[in-house]
Amino acid sequence: MNFFTMCVFGAAIGMAIGTLGTAIGQGMAVKSAVEGVARNPGAASKIMTTMMIGLAMIESLAIYALVVCLIILFANPYKDIALKMVETVAK
Amino acid sequence: MNFFTMCVFGAAIGMAIGTLGTAIGQGMAVKSAVEGVARNPGAASKIMTTMMIGLAMIESLAIYALVVCLIILFANPYKDIALKMVETVAK
Amino acid sequence: MNFFTMCVFGAAIGMAIGTLGTAIGQGMAVKSAVEGVARNPGAASKIMTTMMIGLAMIESLAIYALVVCLIILFANPYKDIALKMVETVAK
Amino acid sequence: MNFFTMCVFGAAIGMAIGTLGTAIGQGMAVKSAVEGVARNPGAASKIMTTMMIGLAMIESLAIYALVVCLIILFANPYKDIALKMVETVAK
Amino acid sequence: MNFFTMCVFGAAIGMAIGTLGTAIGQGMAVKSAVEGVARNPGAASKIMTTMMIGLAMIESLAIYALVVCLIILFANPYKDIALKMVETVAK
């Protein structure tokens, strides 16, 4: 498999695995927040604040993975080198 | 396997794995929300609000994966390069 | 394996893995809903509402995977390129 | 492996993995429904309604996978292309 | 697969797996923090402080993975060596 093929495949699989973990992490956080509101509705606003901060931190992890994927797709630093290699092979 | 083949395969598998995690995460959130409503029906509206915010955050992760897959399928930045490579090989 | 083979294989496996996660997620949600109705039948309608919203969100994830698979099968953006490649190889 | 081989293989494995998850999901739902009826037989009809709606949603996921597999087997959009490719190779 | 291909693939998969674990770890932390606020809302500010310190520590782990990925993409120490190797092979 050549360079550009693996760029695309890596971005697809990378974002997918990044989503896998962050979604399970956020699921655990929301799970407990909802249980907490059920047990103690009076503390709902405090629970919401805590949950939102936690979800934002986990969301940032997914955004790291998204950034790496978008760099690989749209700002790949090895693109020019790979192009030159292909050209020299083609000659 | 060539470039276009892996684009399609990557998009299919990428969206699939992205769905896997987000669905389990949302399942955990809904599970607890439903348990909470059963235990304390009076807090149903507060529980619903908390659940919806959490689900929306997790849904955003699945949308990241969907965006990467659609970029790979419809706005692939390496498409022209791959086409040129194929043409030079064909000559 | 050539392009069209992997399109079909990718769509089949992609939908399958997408179904795997969403089904387990929905299973967790329904499990708790049923337990909740058993414990507190008076709250059955509220539990049903919460469950339906959650299931709809998870169902949307499966539909993302389905959309990607159907695009790959019926609106594949690389189909023409792959056909041309095959023709040039055949010559 | 050629195109038609992978179609059949993909359909078989795809439906299998799709069944894997949906069966576990439905199993969790039915498990809890049965436990609920055992604990509180008076709520049996309400439990049944909740269970049926949940099972129907999970069943829909398996039907998505089934649809993709049947498309691959009986309405494969790449069938004609693959046939032509085989014929040109045979010449 | 050559050097530059594996650089890109390694960065994508590396960030993805790094995100997987840190997200689940943060999810567990937020889960307990939210439960704690629900049980004892008076201690919400102390719980928040503790959670933030913990999340920041876990976040640092994801940032390590991000740094390694960005070094591989933008400041790769073996880039020149790999380029020379390619050139000598090309001659």
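The values are calculated or read from the model by the stated rules, or taken from the named source; none is laboratory data. Quick caveat: nothing in here was measured; it's all calculated off a predicted structure. Because the Cβ atoms are built from the backbone with ideal geometry, glycine has one as well, and the counts that use them run over all protein chains shown. Keep in mind that these areas ignore ligands, DNA and RNA; they rest on the heavy atoms of the full protein, side chains included. Shrake-Rupley method; radii C 1.70, N 1.55, O 1.52, S 1.80 Å.
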Simple Cβ-charge dipole of segment C:3-90, Lys/Arg +1 and Asp/Glu -1, about Cα centre, in debye nearest 20: 240
Apportionment of accessible area to carbon and sulfur, the protein assembly as shown, percent (1.4 Å): 71
Computed magnitude of the charge dipole of the protein assembly as shown (debye, nearest 20; Cβ of K, R +1, Cβ of D, E -1): 320
Inter-copy spacing of E:N2 label points, which lie 7 Å from Cα along Cα→Cβ, given in nm from shortest upward: 1.0, 1.9, 2.7, 3.4
Nearest 10 degrees, 0 to 90: helix E:44-74 Cα axis against chain E principal axis: 0
Chain D Cβ-axis minimum, rotational copy E, residue and distance in Å: D:I24, 13
Length-normalised contact order of chain C in % [C-alpha pairs under 8 Å, at least 6 apart]: 45
Fraction of the pair-distance distribution of the protein assembly as shown above 42 Å, Cα-Cα pairs, percent: 24
Vicinal HN-Hα couplings computed from phi for segment B:22-39 (Karplus, 6.51 cos²θ - 1.76 cosθ + 1.60; Hz; Gly/Pro x): 5, 5, 5, x, 5, x, 4, 5, 5, 3, 5, 4, 5, 4, x, 5, 5, 6
Sum of -39500 (n - 2.57) over DSSP H runs of 4+, divided by residues of chain A (222 nm, nearest 500): -31500 deg cm²/dmol
Alpha-carbon centroid distance for the pair segment E:10-42 / segment C:1-80, whole angstrom: 24
Accessible area per residue in Å² at 1.4 Å probe, computed on segment D:3-90: 50
Shape metrics for segment B:3-90, restricted to C-alpha atoms - Rg then Dmax, Å: 20.2, 70
Label 7 Å beyond Cα on the Cβ vector: B:D80 copy-to-copy distances, nm: 1.7, 1.7, 3.2, 3.2
Distances in nm from D:R39 to the matching label points in the other copies, shortest first (labels 7 Å along Cα to Cβ): 0.6, 1.2, 1.7, 2.1
Cut-off 15 Å between beta-carbons: net charge of the residues surrounding B:M57, Lys and Arg +1, Asp and Glu -1: 0
